[in-house]
1. Report whether or not Arg29 is farther than 18 Å from Leu233 by Cα, at pLDDT 95 or above, out of contact with any Pro (no Cβ under 7 Å at 6 or more places or on another chain) and surrounded by fewer than 19 Cβ atoms within 10 Å (Cβ to Cβ).
2. Here are some conditions: (1) among the aromatic types (Phe, Trp, Tyr); (2) under 26 Å from Asp120 (Cβ atoms); (3) assigned to a loop (DSSP other than H, G, I, E, B). Phe174 meets all but one. Which one does it not meet?
3. Of all residues in the range 58-76, count the ones that are modelled with pLDDT of 95 or more and either hydrophobic (A, V, I, L, M, F, W, C) or within 15 Å of Gly126 (Cα to Cα) (or both).
4. Within the range 191-220, count every residue that is touching a residue at least 60 places away in the same chain (Cβ under 8 Å) and either hydrophobic (A, V, I, L, M, F, W, C) or farther than 17 Å from Ile68 by Cβ (or both).
5. Output the residue which, of all residues in the range 72-94 that are within 15 Å of the chain's Cα centre (by Cα) and in contact (Cβ under 8 Å) with a residue 60 or more places away in the chain, is nearest to Ile156 (Cα to Cα).
6. Of the numbered conditions (1) over 21 Å from Pro170 (Cα atoms); (2) among the β-branched types (Val, Ile, Thr); (3) within 15 Å of the chain's Cα centre (by Cα), Val97 satisfies every one except a single condition; which is it?
7. Take the residues in the range 169-190 that are out of contact with any helix residue (DSSP H, G or I) (no Cβ under 7 Å at 6 or more places or on another chain) and over 23 Å from Leu7 (Cβ atoms); name whichever of them is surrounded by the fewest Cβ atoms within 10 Å (Cβ to Cβ).
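The values are calculated or read from the model by the stated rules, or taken from the named source; none is laboratory data. Since the structure is predicted, the reported quantities are computational estimates derived from the model, not experimental observations. We place every Cβ from the backbone using ideal geometry, glycine too, and count neighbours over all the protein chains shown.
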Amino acid sequence: MKGISILMYHQVGDFPPMKAHRSTYCLRRRFAAQMALLSRLRCPVLPLDDALDALAGGRPVPQRAVVITFDDGCENFYEHAFPVLKHHRFPAIVYLVSGLVGKRAEWFAADGRPPPPLMDRERILGLVREGITFGSHGMCHMRLSGLDRKTLHREIVQSKTDLESLLGIPIRHFCFPYGSHDEAAVAMARKAGYASAVTCVRGAALSGEDPFQLPRKAISYGDSLAGFLWKLLFKDRRKTPPLQVPGKHVSGDPGQSKE
C-alpha cells in the first residue's frame, strides 16, 4: 500500500439489509472485525495531524498507515464505535455539523431514511477527554459546490467559530458534506485557518497531497473483511484529475458523493 489510507465511516450499529446509501452504514460486528484486523496487521493508526505531517514530508510515511474518520457525529459512534477504538487504543476524528449538535441528522429524511440522533455537547466533551478529535462538517450539512461566498463563509468559517465557542477546543479540520467541493470551497477552507479538509474522493493520500483535498476510502455496509482488506491495501489510485486551486501546491479531485 502506498501513502496513507484515510478510512471514511458514518454510522456504526445494527442495520437491516439495504441496497442504497450503503456507504453511510457499517455493521458493528464488521467494524469490530476491521479494527481487530488493523491491530493484527500492526497497521499504524495515526492521528490526522501526524498523518498531515508525514504527507508534507515532516516524517516518514509509515507502511500501511491508516487514519480513521467519522462523518456527521451520530450518537451510535459513542455506542458502538468508540468502545472498539478505545479497546485498541486507536485515535479517530469525528466531523460535527455545528448547527445540529444534539439534534438529528435531518438530511436523511430527504432519502426516506429515519434521521439518526447526533451527539450533544456533553457527549462530545466526554469523548474529547478520552482523546477523540473533532472537526467541522459544516453548519447545515449542505452541498458546497457552486454556492455563493456568503453561504460558503457560513458553512466553512462560521461552523468552525461556533464549534470552538461551544466546545472550547480548537477545530483544525474540515470535511466537505457529501464530498461536494469546488475551487471556491477549497480556497475558503484554506483561508478559514483549518489545517486540512477531507473529501469523498476514493483513494490513498500520497506524499505531497494538498491537505485541503484529502481523498478517503469509504467503508460501507457491504464490505466483508476481504473487501476491507482490499480497500486498505490496494485501492490507492483515484479516477479523476485534481482541482487546480490558487494558493499552495494542490492535488485532489472534485469528487461528489451521495452520502
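1. yes
2. (3)
3. Within the range 58-76, residues that are modelled with pLDDT of 95 or more and either hydrophobic (A, V, I, L, M, F, W, C) or within 15 Å of Gly126 (Cα to Cα) (or both) number 9.
4. Residues in the range 191-220 being touching a residue at least 60 places away in the same chain (Cβ under 8 Å) and either hydrophobic (A, V, I, L, M, F, W, C) or farther than 17 Å from Ile68 by Cβ (or both): 13 in total.
5. Looking at residues that are within 15 Å of the chain's Cα centre (by Cα) and in contact (Cβ under 8 Å) with a residue 60 or more places away in the chain, I get Asp72.
6. Going through (1) over 21 Å from Pro170 (Cα atoms); (2) among the β-branched types (Val, Ile, Thr); (3) within 15 Å of the chain's Cα centre (by Cα) one by one, Val97 breaks only (1).
7. Among them, the one singled out is Glu183.
For every residue, the table says whether it meets (1) in a loop (DSSP other than H, G, I, E, B); (2) closer than 23 Å to Asp162 by Cα; (3) at pLDDT 95 or above.
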residue: Tyr78; (1), (2), (3): no, yes, yes
residue: Phe82; (1), (2), (3): no, no, yes
residue: His87; (1), (2), (3): no, no, yes
residue: Phe90; (1), (2), (3): yes, no, yes
residue: Leu125; (1), (2), (3): no, yes, yes
residue: Phe134; (1), (2), (3): no, yes, yes
residue: Met142; (1), (2), (3): yes, yes, yes
residue: Ser145; (1), (2), (3): yes, yes, yes
